[in-house]
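Enquirer: After the structure tokens below, expect a handful of questions from me.
The values are calculated or read from the model by the stated rules, or taken from the named source; none is laboratory data. Source: prediction; values computed, not measured. Backbone-built Cβ (ideal geometry, glycine too); neighbour counts: all protein chains shown.
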Amino acid sequence: MNWTSPSRSGRGAGDDRRPGPLDRYAAERATGALRGPAGCVYLHRGAVYCVECPTAPGVGARLATAGRLPPECWRHAESAAGAHHRGGQFLLQQGWLTRGELEVCQLSALLDAACFVLAQEAGATSFARGDAHWLGVIRPVEAAALLAAVARRQAQLDRLDAWAAADGAPVVPIPPEHPGHPDRPPLTGRQRWLLAHADGERTPGELAHALGHSAFLTLLEVRRLAAAGRVRLPPPAALPRRRPGAVPHQRRARDTAADARVWHLPDPGALETTDPDVALLVRLRTALEENL
């Protein structure tokens, strides 16, 4: 799974946040689907009742991994929802779930997905008026309250930004007896649970989907574990090696009379990287090597 963590630049439902498309359609009390780069937000009379995002496990996945509802029952409810989008009511009528179970699971999945959809950098969005989710309106949430909740969660993540390298890396536990970390804080129940399922191959996002657990909380706990020295951070990426002759000899002219140095950046075509930040670092390094 391609893991994408919430963006720092989009963290804001705070007082300095600029109003976005969700604010606009909420103020209009619109009904429809607001689609953006990270997912889709469904509104009913301006309130949010469903958020879908590939990063976060949905309601069906959570219920299935918890052993509460087989996937075939969830698919049956989707096909039986009909034009009036009564999939949730169908689940309740069949006695497969209680209303409390459905509401709690729906709200948990909604907030989890919103942490990724509403915290991403601004991008192109479209609004399809009248579009509805097949599950129907279970427990809507005011848009302002949802944005505030996303901002609070994003602030938690930002305080651990120094360990963001763990977001997309396999979760590799460090043994308790590791000599480099003798005074680590005790683990919480959720952290012990995550470490027990970490196989050294799955990323936080993959663990969240495999366990049917909140993707955001998994990401947050993995960062906390990294900060406490409980999981390994990936090694920093090395700069690509410079190709010989990146700066042609004829471009290294000097004013011999004044013994002044003339600085030249390396030939961009000689770099073997598509990352603009890495390319800039390599150019600066090459300039230093060739002119000092």
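Enquirer: Name the residues in the range 31-42 that are buried (at least 18 other Cβ atoms within 10 Å of the Cβ) and out of contact with any strand residue (DSSP E or B) (no Cβ under 6 Å at 6 or more places or on another chain), would you?
Expert: Once the filter is applied, which keeps residues that are buried (at least 18 other Cβ atoms within 10 Å of the Cβ) and out of contact with any strand residue (DSSP E or B) (no Cβ under 6 Å at 6 or more places or on another chain), the range 31-42 yields G36, A38.
Enquirer: Sticking with this one: Has the range 169-190 got at least one residue that is among the acidic types (D, E) and at pLDDT 95 or above?
Expert: no
Enquirer: Then there's this: Has the range 46-56 got any residue that is modelled with pLDDT of 95 or more, over 16 Å from G123 (Cα atoms), small (G, A, S) and touching a Cys at 6+ places or on another chain (Cβ under 9 Å)?
Expert: Yes, the range 46-56 has at least one match.
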